[in-house]
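S.K.: Right, I'll just put the structure down here and ask away after.
Nothing in this text is a laboratory measurement; each read-out follows from the coordinates by a stated rule. Just so it is clear, the structure is predicted and the values come from calculations on it, not from any experiment. Because the Cβ atoms are built from the backbone with ideal geometry, glycine has one as well, and the counts that use them run over all protein chains shown.
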Amino acid sequence: MSAPAKKQRRSQEWFGKKDRDGFVHRSWIKNQGYPDDLFDGRPIIGICNTWSELTPCNGHFRELAEFVKRGVYEAGGFPLEFPVMSLGETQLRPTAMLFRNLASMDVEESIRGNPIDGVVLLMGCDKTTPSLLMGAASVGLPTIGLSGGAMLNGKFRGQDVGSGTGVWMMSEAVRAGQMTMDEFVASESCMHRSSGVCMTMGTASTMASMVEALGMSLPENAAIPAVDARRKRLAQLTGRRIVEMVNEDLTIDKVLTREAFENAIRVNAAIGGSTNAVIHLIALAGRIGVELSLDDWDHLGRDLPCLLNLQPSGKYLMEDFYYAGGLPAIIREISHLLHNEAKTVNGRSIVENSQAAACYNRDVIHAYDAPFKDSAGIAVLRGNLAENGAIVKPSAATPALMKHRGRAVVFETIEDFHEKIDDESLDIDENCIMVLKNCGPKGYPGMAEVGNMPLPPKVLRKGITDMVRISDARMSGTAYGTIVLHVSPEAAAGGVLALVENGDMIELDVAARRLHLDVSDEELARRRQFWQAPESPARGWYKLYVDHVLQADKGADLDFLVGASGSVVKRESH
Ligand code: FES
């Protein structure tokens, strides 16, 4: 029997041709000074870079890419770096989330259309992680992730201050008259003082943890600080490993299995991760063909405790997390609950990768049998106010408010909220439930992080720091409170949320997973007659997005982007 024919590398369909087309593909690339032998059939590794000065959290990525290249060359590959749309959470209007799917299309087509055998994804600021994973998943090449790492701890007047969480706390202190505006402004340059992403367990660090828990990166990816030399070392090792993955044909679908997603959901509970992970992982699963629902988040994370004492659920910051042992120490604590058959990019499971992990600070990383908080995970609520579900993060909520009946104070839009919230005549007290509409995927558009509505000053002055808030929005992963998010269907899609009026009574019961608007069906039907769907935007990306975006419980991907198209492009470019 003859040996099976060796699979030709994908990149050789461009560079291996001894004809006019091959000339064009090689010759123009050689203008950058590459010698002939780099086109000899060795793995071509694309480095998908989200560097941008307008995405400050990824501002160090050009340097990081150089370390990836070192590793690729060492292992016998040929690295070619390319830029993709970069989404800066703090700058982009109306919200970076509006462009997650657009960036994923850029990533998908950039990978598919180019002579690449394997790809390294450089990810940092919130949406730059899911957009790259989603795009790469729809192509299906060997893929490895590398996160940029978090900033050093913020330091202000002798205290640690955390990204986002510190901003929300201090701005509330200003509104309550406990801090001056000058003091608040003075903290700006103290909070963010190094390269990297937000150093709380916000969305960026949650998603970096998800990358590691899904098995899409080498161990320790989640928590090494951005400026720590060990982040560069990880970059170099990542470069070496992707070349091996190409040689092994270890494609992304072999890593992103149902078991990998289940592991990630459990890890998210144990770290008290951001609610945004729910939406991003459901969208990613849709791309790779794994069935994953909102209810999976509830039942898989339900019995897990939160082990990590990090802001916004706790006290410490990402730098402390790394020094305490990082994500492998968490994984080791819950390894009995994880799938060992889910293989990561290094060919071993996250359980095997974490066997020797140690914890060096039990106040930061708690043991499974002596957790930081008993209730973790994501609770999925249902009822007439959220027929397709809504979520709440118990570890960031106030226990006394987890069962609450209150009078609705309704804001039709976020502008309506801003106009009214500081008005002393607003009829509201701490027992009311704040309801915000029209901030979902279609309504904002883009599902903004505005669900953590600041409290009215007259409530804050009583020393009260939390109230029940309900919306179809998301909230920053750095935020906290008894905040019900992602109500689906959203108001702009005609959900019952659109029909809530001031004075209606709402019942929240997290233990029973219930969210109920205490208004009769007849009355809701009457109100619906007067409801009008908002008009679709006139043109451009906004129109494509609003016309095709799925609801939050389906991951807010575009309907026509779900699934994959593979890596084959048959037609030549010239
Ligand atoms: Fe970029 Fe938080 S704003 S990670």
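S.K.: Over the Cα atoms of the stretch 514-574, compute the convex hull volume and normalise it per residue, giving Å³.
M.R.: Convex hull of Cα atoms, per residue: 152 Å³.
S.K.: Turning to a different aspect of this structure: Three principal axis extents, largest first, for the C-alpha atoms of the stretch 52-135, in Å?
M.R.: On the principal axes, the stretch 52-135 reaches 44, 26, 15 Å in Cα extent.
S.K.: Give me the base-10 log of I(q)/I(0) for the stretch 209-322 at each q in 0.13, 0.20 Å⁻¹, Debye formula, one uniform scatterer per Cα, rounded to two decimals.
M.R.: After summing over all Cα pairs, the log10 values are -0.58, -1.16.
S.K.: Do me a favour and compute the ellipsoid semi-axes for the stretch 255-404 from its Cα gyration tensor, root of five times each eigenvalue, largest one first, whole Å.
M.R.: So the three semi-axes of the stretch 255-404 are 25, 22, 11 Å.
S.K.: List the lysines whose Cα lies under 29 Å from the Cα of LYS18, skipping any in the same chain that are fewer than 8 positions away.
M.R.: LYS18 reaches LYS6, LYS7, LYS30, LYS69, LYS570.
S.K.: With the dipole of the chain worked out from charges on the C-beta (+1 for Lys and Arg, -1 for Asp and Glu) around the Cα centre, which of ASN49, ALA492, LEU460 lies farthest toward the positive end?
M.R.: Selected residue: ASN49.
S.K.: Lysines within cross-link reach of LYS254: Cα-Cα under 16 Å, excluding same-chain residues under 8 positions apart?
M.R.: LYS343
S.K.: Another one. In whole Å, what three semi-axes, largest first, describe the equivalent ellipsoid of the stretch 433-499 built from its Cα gyration tensor (square root of 5 times each eigenvalue)? Intermediate results must be reported in sequence, preceding the final value.
M.R.: Working: eigenvalues 104, 30, 15 Å².
Its equivalent ellipsoid spans semi-axes of 23, 12, 9 Å.
S.K.: To continue, here is another question. Considering only DSSP states other than H, G, I, E and B, which GluC sites (Glu not before Pro) in the stretch 215-299 qualify as loop sites with at most 10 other Cβ atoms within 10 Å?
M.R.: The qualifying sites are GLU291.
S.K.: Okay, moving on. Using only alpha carbon pairs under 8 Å that are at least six residues apart, calculate the relative contact order of the stretch 429-574 and give it in whole percent.
M.R.: Worked out over the stretch 429-574, it gives 21 percent.
S.K.: Normalised by the residues of the chain, what does the relative contact order come to in percent, with Cα pairs under 8 Å and at least six apart?
M.R.: 14 percent
S.K.: Related question: Just add up the charged neighbours of HIS366: K/R +1, D/E -1, any other residue whose Cβ is under 15 Å from the Cβ of HIS366.
M.R.: Net charge around HIS366: -1.
S.K.: Give me the number: length gained by fully extending ARG193 to ARG230, i.e. 0.36 nm times residue separation minus the C-alpha to C-alpha distance, one decimal in nm.
M.R.: That works out to 11.4 nm of additional length.
S.K.: Quickly rank 322-329, 350-357, 523-530 as a protection proxy: mean count of other C-beta atoms within 10 Å, highest first.
M.R.: 322-329, 350-357, 523-530
S.K.: Report the extension gain between THR180 and ARG527 in nm, rounded to one decimal, defined as 0.36 nm multiplied by the number of residues separating them, less their alpha carbon distance.
M.R.: The THR180-ARG527 span can extend by a further 120.5 nm.
S.K.: OK, next. Tell me which lysines have Cα within less than 25 Å of LYS543's Cα, excluding those fewer than 8 residues away on the same chain?
M.R.: Answer for LYS543, where 25 Å is the Cα cut-off: LYS127, LYS437, LYS442, LYS554, listed by chain and number.
S.K.: In units of 2.2 N^0.38 Å, what is the alpha-carbon radius of gyration of the chain?
M.R.: My calculation over the Cα atoms of the chain gives 0.98.
S.K.: Turning to a different aspect of this structure: Do the sum for the chain: with -39,500 (n - 2.57) for every DSSP H run of n ≥ 4, divided by all residues, what is the mean residue ellipticity at 222 nm, to the nearest 500 deg cm²/dmol? Intermediate results must be reported in sequence, preceding the final value.
M.R.: Values: 21 runs with 190 residues, N = 574.
So the calculated ellipticity at 222 nm is -9500 deg cm²/dmol.
S.K.: Considering the dipole of the stretch 399-539 built from charges on the beta carbon (Lys and Arg +1, Asp and Glu -1) around the Cα centre, which of GLN529, GLY477, MET447 is farthest to its positive end?
M.R.: GLY477
S.K.: Right, something else. May I ask you to evaluate 6.51 cos²θ - 1.76 cosθ + 1.60, the Karplus curve with θ = phi - 60°, for each residue of the stretch 423-434 and list the ³J(HN,Hα) values in order in whole Hz, giving x for glycine and proline?
M.R.: Whole-Hz 3J(HN,Hα) from phi for the stretch 423-434: 6, 5, 8, 4, 7, 8, 9, 5, 8, 6, 10, 7.
S.K.: If we sort 113-121, 142-150 on the protection proxy, mean other Cβ atoms within 10 Å, highest first, what's the order?
M.R.: So the peptides 113-121, 142-150, ranked by packing, come out 142-150, 113-121.
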